[in-house]
Amino acid sequence: MTREDLLDLNDVLQYPGRQAAVDVTTELPDEPDLDLIEPLQGFIEAVSTGSMLLITGEFKTKVVLPCSRCHEDLELEIKFEIDEQFSVEGVPSSLTSQDYARVVADEPYPLFQENSLMVEALLRQMLLLAFPLQPLCSGSWDIPCPTDSGRAVPAGSLRDNFGALAALRQKAELAQEEKPE
Ligand SMILES: [Zn+2]
């Protein structure tokens, strides 16, 4: 069985210190439940210390999620970083002809096929973790959803708005007073 999203890290594992870096763009086609409006885009870097495989990266995408309160669809930009470590067993083949380094698969669901990373499985997991728990179209539980009033007042600015309005009014009055009649 082969998967298109497998990233072969055998070279990295057999040569500790050697780095692999790949750019990745995916729509996560195996995840029909995820409503991506932009492909997931970013990069993955991998390096082995000999006993640990370190995988880092940065990704971003845009998704549609329902508002937790009014259930309007929300477009949200999601960004996340990857900073994962996996145990490695065996001696890298660059150091011995008797053995080779292998990723220890101890995840609750498979992320590796032998020494290849299942990129989409990892990205799916990281993306779900990066989702806001309670997305709100107003951005805060203190501010109502704009469903009935057209537009919500931005967070914390109600008083500021009144202040600004008062200042404007004062200015206008001053301007009127200064007008020569
Ligand atoms: Zn809402």
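Quick look at the numbers
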| item | result |
| --- | --- |
| Tally, over segment 15-26, of residues that are loosely packed, with under 13 Cβ neighbours inside 10 Å and not in a strand (DSSP E or B) | 1 |
| Residue within segment 66-79 that is open to solvent by less than 30 Å² (accessible area, probe 1.4 Å) and away from the ligand (no atom under 15 Å from the Cβ) present | yes |
| Matching option when the condition is closer than 30 Å to CYS145 by Cβ and open to solvent by 80 Å² or more (accessible area, probe 1.4 Å), among PRO110, PRO39, PRO32 | PRO32 |
| Members of segment 122-132 that are touching a residue at least 24 places away in the same chain (Cβ under 8 Å) and either open to solvent by less than 60 Å² (accessible area, probe 1.4 Å) or within 16 Å of the ligand (Cβ to nearest atom) (or both) | LEU122, LEU123, MET126, LEU127, ALA130, PHE131, PRO132 |
| Segment 80-100, residues that are of a type in the set (Val, Ile, Thr) and either within 27 Å of PRO39 (Cβ to Cβ) or open to solvent by 90 Å² or more (accessible area, probe 1.4 Å) (or both) | ILE82 |
| Long-range neighbours under 7 Å by Cβ, at least six apart or interchain, first residue within 8 Å of the ligand (Cβ to nearest atom) and open to solvent by 60 Å² or more (accessible area, probe 1.4 Å) within segment 136-147, second assigned to a loop (DSSP other than H, G, I, E, B) and of a type in the set (Asp, Glu) | THR147/GLU72 |
| Flag for VAL103 being crowded, with 18+ Cβ neighbours inside 10 Å and either over 21 Å from SER51 (Cβ atoms) or among the aromatic types (Phe, Trp, Tyr) (or both) | no |
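Residue by residue, here is whether (1) touching a helix residue (DSSP H, G or I) at 6+ places or on another chain (Cβ under 7 Å); (2) modelled with pLDDT of 95 or more holds:
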| residue | (1), (2) |
| --- | --- |
| ILE37 | no, no |
| PHE43 | no, yes |
| SER48 | yes, yes |
| MET52 | no, yes |
| THR56 | no, yes |
| LEU65 | no, no |
| CYS70 | no, no |
| LEU74 | no, no |
| GLU81 | no, yes |
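The values are calculated or read from the model by the stated rules, or taken from the named source; none is laboratory data. Just so we're clear, the structure is a prediction, and the values are computed from it rather than from any experiment. Cβ sites come from the backbone with ideal geometry, for glycine too, and all protein chains shown count toward neighbours. Each accessible area value is taken on the protein alone, full model and side chains, heavy atoms only, with ligands, DNA and RNA left out. Shrake-Rupley method; radii C 1.70, N 1.55, O 1.52, S 1.80 Å.
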